[in-house]
Amino acid sequence: MKRVVVGLSGGVDSSVAAYLLQQQGYEVIGLFMKNWHDDSVTISNDCPWLEDSNDALLVAEKLGIPFQTVDLSEQYKEKIVDYMFNEYEKGRTPNPDVLCNREIKFDVFMKIALSLGADYVATGHYCRKSEINVDGKPVYQLLAGVDNNKDQSYFLCQLSQEQLAKALFPIGELTKPQVREIAAEMELVTAEKKDSQGLCFIGKVRLPEFLQQKLQPKPGIIVQIDKDNSVYNIAIPKGLSDEETLSLAASPIQYTADMGKTVGRHQGAHYFTIGQRKGLNVGGTAEGLFVIATDVDSNIIYTGMGSHHPGLFRKALFVEKSEVHWIREDLALANGETMKIMARIRYRQPLQEATLHQFASGMYVSFEEPQSAITEGQFVAWYQDDELLGSGVIS
């Protein structure tokens, strides 16, 4: 019997994952990760990890599998929380869920599981894995989950071949309603439990308050840029190389305060992200204001009115060379090569037609249609059909 350690989170997905593996004849061990102690920044009054670990224990008891809790809060703080603070301070918007999978679940946690003699680590992610042969060697594919509405492959876009080799995703072939049905049939305590929200393992947090623990408030102005501003009509010079043309398309516009009018004040540009609409507290505009840029050096937030404001859209983005990550290393592009792909720049975004362009400095992703709120620090992931091939941090 192969031994599998399941990351039991106290939710329905990982509960059913453990049950299915048991049915398939694996020796299953349940492990709950405790990653957070500080309840002062979570929105709910209850202590989410306590309730979750209790539910995970009840599921393990029901299935008759060994169960223990591991405290990873130190590593979590260092690898995820401190990283988040650093990124926000630089005016970037990190994705803690993607990092949590790469750095915690499939690294720190996986090492603990392997030290317990596990052959595999399993999670309740809605995605699939398959194996093909390339030049006589096994190559692992990360495929989208069958449930289009729940596909979570994007969150695993930073995994490596080594991590995928040891990973199992038992519910990837199922839809969410099917998973709940199985849990109900098995009378698992998590069958009706709502999906967890907010930060991976921390739960719902008030982001500004969470960030204020480390990043001090710093009052500044909110500037509104008119959609007809001449900055949006700059013609692209002729005779540029492909790389220069892409660089122009990917570069954010550099705004200055005199380009628009001051419409309000804020408590710190580092608390805001591009595309954000809530929390600006500016009234009296015909349509809602959206953040189109933040300047943490001069502490100014630039906004545009309405979701179609030209300041929200760009046709390309850039990923620095060191941040380009291929799950399918055998398909990695050489300098000067291009590849037609489908891409998304955030979870749940429908896949967009795009082309990868690899240069010595890094990779450009150019889209067929302009994309709204391309945000520095977030991940772009690229696919062919339902296979996720690679990803990178938007720079």
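Some values worked out for this structure:
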item	result
Projected label distance in nm at Phe85 and Glu353, using a 7 Å step from Cα toward the beta-carbon	4.6
Highest-fluctuation residue, Val223, Val134, Val28 considered, GNM on the chain with Cα pairs under 10 Å	Val134
Most mobile of Ser15, Ser153, Ser322 in a GNM of the chain (Cα contacts under 10 Å)	Ser322
Label point at Thr256 placed 7 Å out along Cα→Cβ; residues across the stretch 280-323 whose backbone nitrogen lies under 19 Å	293-303
Listed residues Leu156, Leu116, Leu246, most fluctuating in the chain (Gaussian network, C-alpha, under 10 Å)	Leu116
Identified option (computed Cα extents along the principal axes in Å; candidates (i) 86, 55, 37; (ii) 67, 54, 34; (iii) 105, 53, 37)	(ii)
Loop sites in the stretch 94-195: trypsin sites (Lys or Arg not before Pro), DSSP, at most 12 other Cβ within 10 Å	Lys194
Beta bridges by DSSP in the chain, antiparallel share as percent, to the nearest 5	75
Projected label distance in nm at His308 and Asn233, using a 7 Å step from Cα toward the beta-carbon	1.9
On Cα atoms only, tilt of 48-63 relative to the major axis of the chain in degrees	30
Antiparallel content of DSSP bridges confined to the stretch 3-212, in %, to 5	40
Dipole of the chain [Lys/Arg +1, Asp/Glu -1 at C-beta], most positive-end residue of Gln24, Gln352, Gly304	Gly304
Overall form of the stretch 3-212 per C-alpha gyration tensor (a/c, 1.5; a/b vs b/c)	oblate
Computed [θ] at 222 nm, helices only, for the chain once each DSSP H run of length n ≥ 4 contributes -39500 (n - 2.57)	-5500 deg cm²/dmol
Cα-based equivalent ellipsoid, the stretch 313-393: semi-axes from gyration tensor eigenvalues, Å	18, 14, 12
Gained length - Thr338 relative to Ala165, 0.36 nm times residue gap less alpha-carbon distance	59.5 nm
Acute angle (nearest 10 degrees) that the helix 12-23 long axis makes with the longest principal axis of the chain, alpha-carbon atoms	40
For the stretch 10-133: rounded, prolate or oblate by the Cα gyration tensor [a/c cutoff 1.5]	oblate
Tensor-based shape of the stretch 101-158 (alpha-carbon gyration tensor, a/c under 1.5 rounded, otherwise prolate or oblate)	oblate
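Bear in mind these aren't lab numbers, they're just calculated from the coordinates by the rules spelled out. Bear in mind the structure is a predicted one, so any value in this text is a computation, not a measurement. With ideal geometry, Cβ positions are generated from the backbone for all residues, glycine too; neighbour counts draw on all protein chains shown.
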